[in-house]
1. Among the residues of the range 96-133 satisfying the criterion of being assigned to a loop (DSSP other than H, G, I, E, B) and aliphatic (A, V, I, L, M), which is farthest from the chain's Cα centre (by Cα)?
2. Please name all residue pairs, on different chains or six or more residues apart, with Cβ atoms under 9 Å, provided the first residue is in the range 33-49 and is under 22 Å from GLU19 (Cα atoms) and open to solvent by 60 Å² or more (accessible area, probe 1.4 Å) and the second residue is among the basic types (Lys, Arg) and in a helix (DSSP H, G or I).
3. Find the residue count for the range 32-91, including only residues that are aliphatic (A, V, I, L, M) and not in a helix (DSSP H, G or I).
4. Would you mind finding the one in LEU66, LEU79, LEU57 that is farther than 22 Å from ALA33 by Cβ, in contact (Cβ under 8 Å) with a residue 24 or more places away in the chain and surrounded by fewer than 20 Cβ atoms within 10 Å (Cβ to Cβ)?
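The values are calculated or read from the model by the stated rules, or taken from the named source; none is laboratory data. It should be emphasised that the depicted structure is a prediction, and the values quoted were computed from it without experimental measurement. Neighbour counts run over all protein chains shown; Cβ positions are idealised from the backbone, glycine included. We work out accessible area using only protein heavy atoms, side chains counted, and drop any ligands, DNA or RNA first. Shrake-Rupley method; radii C 1.70, N 1.55, O 1.52, S 1.80 Å.
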Amino acid sequence: MRLSLQEELDQLEASLQEEGVQALRALRGCLNALTNHDIELADEVIAFDDEVDETYLRIEEGIQSLLARQTPVAVDLRLVLAMLHINLHLERMADYCVTVAKLTKLCAGSPADREILDAFEEMGERAEEMIRV
């Protein structure tokens, strides 16, 4: 049975929301690992990136499939293009979280710089707001 354009858009949007939750989880995880010097949590953030990558690829393929089979115009096409753009940025945010987790592991045992941690916390709060939007 062939799905309607609206059903496909709804499925893609749900997958994008899922990816947003995953990016938020990675963000919180890497910041907690950094703040608490938690190497185990940093390893979890690094390993979790595979799930985000899978979701990213699933959305990317879904968008390609939709564009190949359907003919979205105007509002629907703008929505598809926005999803494509958001998908890329959410995946990239999760990649940056992996970078922070890896740096956390490298700095293990070093004294914490409160100013840097505060800056990361502020950036994390802003990024979280952006993900929610």
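1. By that ranking, first place goes to ALA112.
2. ASP43/LYS105
3. 1
4. On inspection, the qualifying residue turns out to be LEU79.
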